[in-house]
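Taking it in order: structure first as structure tokens, then the write-up.
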Amino acid sequence: MDDGDAIALALAEAKAAGARGEVPVGAVLLSAAGAMLAQDGNRIVERRDPTAHAEILVLRAAAQKLGNERLIGTTLYVSLEPCAMCVGAVSLARVARLVFAADDPKGGAVLHGPRFFEQQTCHHRPQIARAGDAEAASQMLKAFFRARRG
């Protein structure tokens with residue numbers, strides 16, 4: 001599976017999360033060989049768990065599946081630039097690549113805010129890449145929040 005296919009699945013998970021009433025963010029984790037390890041969308045409201053971000057859910061599922069907390073060689077695809085909690089988990093899990101579609105100037109922690117991977121205290125820095133339809137991901141989020149405010 002290539003970056004385009006994987007990020008498309010992450011965007012589909014984001015859409016499904018939005019349909020469940022969750023903030024529409026989705027994530028997919030692939031092994032070094034490109035095999036699907038996990039995919040999910042936000043489930044914060046559903047689980048009444050503030051840590052149930054899509055990224056955290058797929059990291060947990062993959063660690064269980066592999067029987068290892070180190071997810072060496074994996075690639076995480078996310079519809080939106082991850083927050084500080086999620087990038088911290090990405091670093092701790094030793095994810096090799098992080099690929100995301102849309103920037104998050106307000107809550108993102110890769111290119112914005114704390115720029116987690118640039119901190120001296122960060123012990124593992126994945127390769128960062130961009131893929132997918134950033135505009136579609138951004139519009140999905142804007143529509144979700146517009147409907148909430150309306």
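The values are calculated or read from the model by the stated rules, or taken from the named source; none is laboratory data. Just so we're clear, the structure is a prediction, and the values are computed from it rather than from any experiment. Cβ placement follows ideal geometry from the backbone for every residue including glycine, while neighbour counts extend to all protein chains displayed. For the accessible areas, the whole protein counts, side chains as well, though only heavy atoms, and no ligand, DNA or RNA atoms are used. Shrake-Rupley method; radii C 1.70, N 1.55, O 1.52, S 1.80 Å.
A few comments on the model shown:
- Where the chain is the region considered: accessible area per residue in Å², 1.4 Å probe: 50 Å²
- For the chain: relative contact order, % (alpha-carbon pairs under 8 angstrom, 6 or more apart): 21 percent
- Gained length - HIS112 relative to ASP5, 0.36 nm times residue gap less alpha-carbon distance: 35.9 nm
- Look at the alpha carbon pairs under 8 Å that are at least 6 residues apart: their mean separation over the length of the range 76-150 gives a relative contact order of 34 percent.
- Efficiency of FRET from Cβ geometry, ARG48 and GLU69, R₀ 30 Å, rounded to 0.05: 0.75
- Sites LEU92 and ALA136, calculated FRET efficiency, Cβ-Cβ separation with R0 30 Å, nearest 0.05: 0.50
- Carbon plus sulfur fraction of accessible area for the range 12-150, probe 1.4 Å, in percent: 54 percent
- Near ILE128: Cβ cut-off under 13 Å, other residues only, Lys/Arg at +1 and Asp/Glu at -1. The net charge is 0.
- Taking every full run of DSSP H in the chain, the ones that stretch at least 20 Å from end to end by Cα along their long axis and average -0.5 or higher on the Kyte-Doolittle scale are 3-19, 134-149.
- Normalising by residue count, the range 16-150 has a Cα convex hull of 105 Å³ per residue.
- Karplus-derived 3J(HN,Hα) values for the range 111-122, using 6.51 cos²θ - 1.76 cosθ + 1.60 with θ = phi - 60°, are 9, 10, x, x, 6, 3, 6, 8, 6, 4, 7, 7 Hz; glycine and proline are entered as x.
- Here LYS106 is the anchor, and the lysines within straight C-alpha reach of less than 25 Å, apart from those fewer than 8 places off in the same chain, are LYS15, LYS142.
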